[in-house]
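What follows is a short report on a single structure.
The values are calculated or read from the model by the stated rules, or taken from the named source; none is laboratory data. Computed from a predicted structure; not experimentally measured. No Cβ is skipped: glycine too gets one built from the backbone with ideal geometry, and neighbour counts run over all protein chains shown.
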Amino acid sequence: MDFKKLSGMLMPEQTLFALPFAYLGVIFARGSGAKTWLLVTIALAAARTAGMSFNRAIDARLDAANPRTKDRAIPRGEVKVSEAAGLGLISALILVAASYLLNPLCFYLSFVAVLLLGGYSYFKRFSASSHFCLGLTEAAAPIGGYLAVTGRLDALALTLGGAILLWITGLDIVYALQDVDFDMKAGLHSIPAKYGEKKALAVSGLCYAMSLCAMSAAGLMTKMAFPYWAALCCVAVFFIYQQKAARGPDIKTAMLKIFKVNMYVSPALLAGALVDSLLR
């Protein structure tokens, strides 16, 4: 097994992108303690690795047939399907173990998380709701971070999860614009393929707007101060930029800009929440 090529397949930068999701849950729960932070980090990293590995293994044939993804590690023969699936299984076990060390509710719900991580790739084979399934999978991060501290599921946890669910759903709808032709030929389902670009962008924009509302609601529920609201204003600017770029003439070029800006969203939100927490 070539670990360098395997690491490239996993896109470790995506783990760094998702870590703030879980950390937001910890901060909103007013959590502290090195053990909690460490276990949340391990659980999130394991979850991302499991999800990416399962996705690459499950979609290996589709990736090989899609001109946009044919150069990924598995289609090129650099990584075997069995290797990706095996890494996914090991990572899933690490996620469950880390959750067990946190609290009973995290442990029980970790099996639901594993089911989502292994199952969301199949949704596009039979439903255009696949974007929402991916969003739900990502929403498990802030909810999990919150549960790691509190051990309970409440309205604030669901609000944080909803914010991430809607944001990632809106982003994935835009991402799917690149593959409309391929999806239709391969019999795959997506909102752009089913309803067209104009309606897809409208749904994506609505998801972004609702995500901002959920982020605002979470701030109001916890009486966040100026740093958080300043960060949320930055997020709003990033969202507007992304939506504007998505409506450009070349979606492939636009996606490069969108992903570049998207990398700043979660760190900005985390920074605002963290500064607010430290000032308290």
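The figures follow:
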| read-out | value |
| --- | --- |
| Qualifying residue in the range 225-236 (condition: farther than 26 Å from TYR23 by Cα and in contact (Cβ under 8 Å) with a residue 40 or more places away in the chain) | no |
| Search result, residues across the range 250-266 that are over 15 Å from ALA176 (Cα atoms) and either of a type in the set (Phe, Trp, Tyr) or without any contact (Cβ under 8 Å) to a residue 24 or more places away in the chain (or both) | LYS257, LYS260, VAL261, TYR264 |
| Verdict on MET215 being surrounded by 17 or more Cβ atoms within 10 Å (Cβ to Cβ), modelled with pLDDT of 95 or more and not β-branched (Val, Ile, Thr) | yes |
| Test: residue in the range 167-189 that is within 19 Å of SER110 (Cα to Cα) and not hydroxyl-bearing (Ser, Thr, Tyr) | no |
| The range 219-240: number of residues that are under 21 Å from the mean Cα position of the chain (by Cα) and either among the aliphatic types (A, V, I, L, M) or at pLDDT below 95 (or both) | 6 |
| Subset of the range 140-165 [surrounded by 24 or more Cβ atoms within 10 Å (Cβ to Cβ) and free of Cβ contacts under 8 Å to residues at least 60 places away in the same chain] | GLY161, ALA163, LEU165 |
| Failed item in (1) buried (at least 19 other Cβ atoms within 10 Å of the Cβ); (2) modelled with pLDDT of 90 or more, with VAL79 passing the rest | (2) |
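Here's the yes/no breakdown for (1) closer than 19 Å to ILE164 by Cβ; (2) under 19 Å from the mean Cα position of the chain (by Cα); (3) crowded, with 19+ Cβ neighbours inside 10 Å:
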site: GLN242; (1), (2), (3): yes, yes, yes
site: ASP250; (1), (2), (3): no, no, no
site: ALA254; (1), (2), (3): no, no, yes
site: ILE258; (1), (2), (3): yes, yes, yes
site: TYR264; (1), (2), (3): yes, yes, no
site: PRO267; (1), (2), (3): yes, yes, no
site: LEU278; (1), (2), (3): no, no, no
